[in-house]
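Novice: I'd like to ask you about the structure that follows.
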Amino acid sequence: MVEGIQRAGVPAERTECIPNACDLELFRPGTDGSRVRAKFGLGDRLVLSYCGALGPANGVSYILFAAVIVLRKIPSVVVFLILGVGKERPK
């Protein structure tokens with residue numbers, strides 16, 4: 001992205017790339033989620049998560065379209081978890 005902005009004429013000293021990231025100590029694959037799974041009745045289901053902005057530019061509607069397709073086929077296997085704030089949240 002930075003290279004494209006600079007090719008458009010913005011000087012390098014006026015551009016900065018801030019990568020997306022998360023707290024790797026809080027979100028790591030080996031975390032025991034059994035307490036949360038029990039609290040929300042998730043059982044063994046696969047939890048597909050999106051945590052982030054819910055604005056028009058984020059394409060969150062695609063998650064909803066995917067959820068409809070997946071949940072029609074295997075509703076007892078998968079649960080979708082969408083967390084965030086933004087204009088598209090009511091959807």
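None of the figures in this text is laboratory data; all of them are computed from the coordinates on show. What you are looking at is a predicted structure, and each value in this text was computed from that prediction instead of being measured. Cβ coordinates were reconstructed from backbone atoms using ideal geometry, including for glycine residues, and neighbour counts include every protein chain displayed.
Novice: Treating the angle as unsigned and between 0 and 90°, give the value, to the nearest 10°, between the Cα long axis of helix 60-73 and the longest Cα principal axis of the chain.
Specialist: For helix 60-73, the angle is close to 30 degrees.
Novice: Give me the net charge for the shell around Arg45: Cβ to Cβ below 15 angstrom, other residues only, Lys and Arg +1, Asp and Glu -1.
Specialist: Once all neighbours under 15 Å are counted, the net charge is +2.
Novice: Which of the chymotrypsin sites (Phe, Trp or Tyr not before Pro) across the range 12-58 are loop residues per DSSP, with 15 or fewer other Cβ within 10 Å?
Specialist: In loop regions of the range 12-58 (DSSP not H, G, I, E or B), the sparsely surrounded chymotrypsin sites (Phe, Trp or Tyr not before Pro) are Phe27, Phe40.
Novice: Quick one: in the range 43-91, what % of C-alpha pairs are over 12 Å apart?
Specialist: 62
Novice: Over the residues of the chain, compute the C-alpha Rg and express it relative to 2.2 N^0.38 Å.
Specialist: Here the Cα radius of gyration is 1.49 times the empirical estimate.
Novice: Quickly estimate the mean residue ellipticity at 222 nm for the chain, helices only: each DSSP H run with n ≥ 4 gives -39500 (n - 2.57), and the total goes over all residues, rounded to 500.
Specialist: -8000 deg cm²/dmol
Novice: If you average the sequence gap of Cα pairs under 8 Å that are 6 or more apart and divide by the length of the chain, what percent do you get for the contact order?
Specialist: 30
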